[in-house]
1. Looking at segment 351-385, which of its residues are surrounded by fewer than 18 Cβ atoms within 10 Å (Cβ to Cβ), farther than 18 Å from TYR117 by Cα and not polar (S, T, N, Q)?
2. Could you check segment 126-146 and list, in sequence order, the residues that are hydrophobic (A, V, I, L, M, F, W, C) and in a helix (DSSP H, G or I)?
3. With (1) in contact (Cβ under 8 Å) with a residue 24 or more places away in the chain; (2) on the phi < 0 side of the Ramachandran plot as the list, and ARG278 as the residue in question, which single condition is left unmet?
4. Scan segment 235-257 residue by residue and report those that are within 22 Å of the chain's Cα centre (by Cα) and more than 13 Å from the ligand (Cβ to nearest atom).
5. Just one of the numbered conditions (1) in contact with a Leu (Cβ under 6 Å, 6 or more places away or on another chain); (2) within 30 Å of HIS71 (Cα to Cα) is not true of ALA348; which one?
6. Tell me which of these CYS223 doesn't satisfy, since it passes every other one: (1) within 16 Å of the ligand (Cβ to nearest atom); (2) part of a helix (DSSP H, G or I); (3) buried (at least 21 other Cβ atoms within 10 Å of the Cβ); (4) among the hydrophobic types (A, V, I, L, M, F, W, C).
7. Give just the number: which of (1) within 17 Å of ALA345 (Cβ to Cβ); (2) more than 16 Å from the chain's Cα centre (by Cα); (3) buried (at least 24 other Cβ atoms within 10 Å of the Cβ); (4) not hydrophobic (A, V, I, L, M, F, W, C) does ARG289 not satisfy?
8. Pairs please, first residue from segment 74-96 and closer than 18 Å to GLY106 by Cβ, second anywhere and assigned to a helix (DSSP H, G or I) and among the small types (Gly, Ala, Ser), Cβ atoms under 6 Å, 6+ apart in sequence or on different chains.
Amino acid sequence: MAPEGPAVAADLPTSLPALPAYGESSLADLASSLLASLGVAGEANSLRLADADRVCLLVVDGLGWELLREHPAAAPFLSELAVSGRPLTAGFPATTATNMASLGTGLPPGQHGVLGYRVAVPGEARLLNAMHWDAGVDPVAWQPRPTIFERAAAAGVAAYRVSHAWFRKTGLFIATMRGAEYVNANTFGALAGEAAAVLRRSDRALAMVYHGELDATGHVFGCSSDAWRYHLGHVDKLAEQLVGALPPGAALYVTADHGMVDVPPQDRVDADAVPALRDGVALLGGEPRARHVYAVPGAAGDVLAAWRAVLGHRAWVVSRDEAIAEGWFGPVDDWLVPRIGDVVAAPAGPFAIVASEAEPKESALIGMHGSLTPADQLVPLLTFSAI
Ligand SMILES: [Zn+2]
């Protein structure tokens with residue numbers, strides 16, 4: 001019998017995942033801290049935000065902390081605020097649906113249950129796209145906890161959502177932002193003007209302003225493109241105009257739902273072209289930088305081993321139990337556990353797990369986000385108080 005050879009080091013990522021700071025300085029904590037700053041009882045002010053009668057939160061989709069710090073010339077106003085600002089962590093996955101849900105509820109993903117861009121509907125052999133929703137899924141049953149807008153209104157604080165009309169009455173809005181009065185604002189000028197107008201309507205008010213086009217520009221052209229940089233200049237002007245329009249005593253906070261990285265064509269593995277990534281897989285959820293992999297019954301262990309073998313050092317690949325135990329989603333309510341993939345995979349660098357046949361549009365994007373790297377996770381918290 002041959003003696004056993006030396007153990008071969010597994011091909012694993014060399015860095016550790018940048019786990020969200022749930023309960024301390026994540027987007028969920030920002031949401032509850034905003035309510036606390038407005039005097040809403042029972043809300044934790046873990047970010048120690050100053051008391052205010054009126055608060056405007058500008059959410060710039062895709063404006064990662066690292067990206068902002070890399071572009072001082074394109075965003076002079078925001079960069080000046082960033083000198084006294086700080087990074088927060090988004091939440092996993094670092095994707096719009098999940099983190100707008102954290103901002104809308106003040107809860108980590110494991111408690112609001114919007115656990116990714118596409119997640120399995122437990123008991124049904126299909127995925128729910130959280131951005132486009134699905135008439136067969138009741139948004140209130142999917143996310144039954146009270147939103148921050150409902151909690152604000154119950155405490156006498158007027159609550160508004162100022163955003164493009166496209167997002168009005170979507171399933172995601174009802175699930176995570178119901179209780180807010182929706183104000184249509186389809187242009188930069190309308191965002192600033194309407195936010196200022198609604199804040200003046202009440203003595204105590206919260207307005208969440210959302211701008212989505214910086215992220216869209218980054219997806220198509222990349223976040224290192226001229227197009228992205230030029231768009232950032234417009235976002236900078238929006239923030240400056242909002243500050244100028246705020247009523248006295250109001251506070252403006254600027255944040256984002258996630259960052260972004262550009263993924264070169266050679267740094268992508270195509271799950272639709274590698275049979276080992278599809279064997280035993282019932283549903284492939286998530287998105288290229290945050291995968292929920294749902295196994296056929298009995299195959300979870302084999303799927304985990306295969307994904308680890310194929311992805312090696314390029315991704316953190318864990319079982320559902322490991323993802324929960326390590327705190328990827330924050331504390332997870334029992335009834336929400338089946339929405340998490342049997343295997344969860346997050347690229348450890350500028351890498352992506354695309355699916356060219358099942359997801360041709362998403363697989364062709366240049367800029368992507370979702371993972372647990374600082375580029376995905378860190379978002380700004382910038383503050384301005386009007387006197
Ligand atoms: Zn995006």
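Each value in this text was obtained by applying a stated rule to the coordinates, not by laboratory testing. In this text the structure is predicted, and so the values were computed from the model without any measurement. Neighbour counts are summed over all protein chains in view; Cβ atoms, including those assigned to glycine, are modelled from backbone coordinates with ideal geometry.
1. Within segment 351-385, just PRO374 meets the criteria.
2. First pass over segment 126-146, keeping only residues hydrophobic (A, V, I, L, M, F, W, C): 127-128, 130-131, 133, 135, 137, 140-142.
Those that are hydrophobic (A, V, I, L, M, F, W, C) and in a helix (DSSP H, G or I): VAL140, ALA141, TRP142.
3. Looking at each condition in turn, ARG278 falls short on (1).
4. Looking only at segment 235-257, we keep the residues that are within 22 Å of the chain's Cα centre (by Cα), and these are 235-236, 238-239, 252-257.
Those that are within 22 Å of the chain's Cα centre (by Cα) and more than 13 Å from the ligand (Cβ to nearest atom): VAL235, ASP236, LEU238, ALA239, LEU252, TYR253, VAL254, THR255.
5. Going through the list (1) in contact with a Leu (Cβ under 6 Å, 6 or more places away or on another chain); (2) within 30 Å of HIS71 (Cα to Cα), ALA348 breaks only (1).
6. (2)
7. That leaves (2) as the condition not met.
8. Once the first residue is closer than 18 Å to GLY106 by Cβ and sits in segment 74-96, its partners that are assigned to a helix (DSSP H, G or I) and among the small types (Gly, Ala, Ser) give GLY91/SER102.
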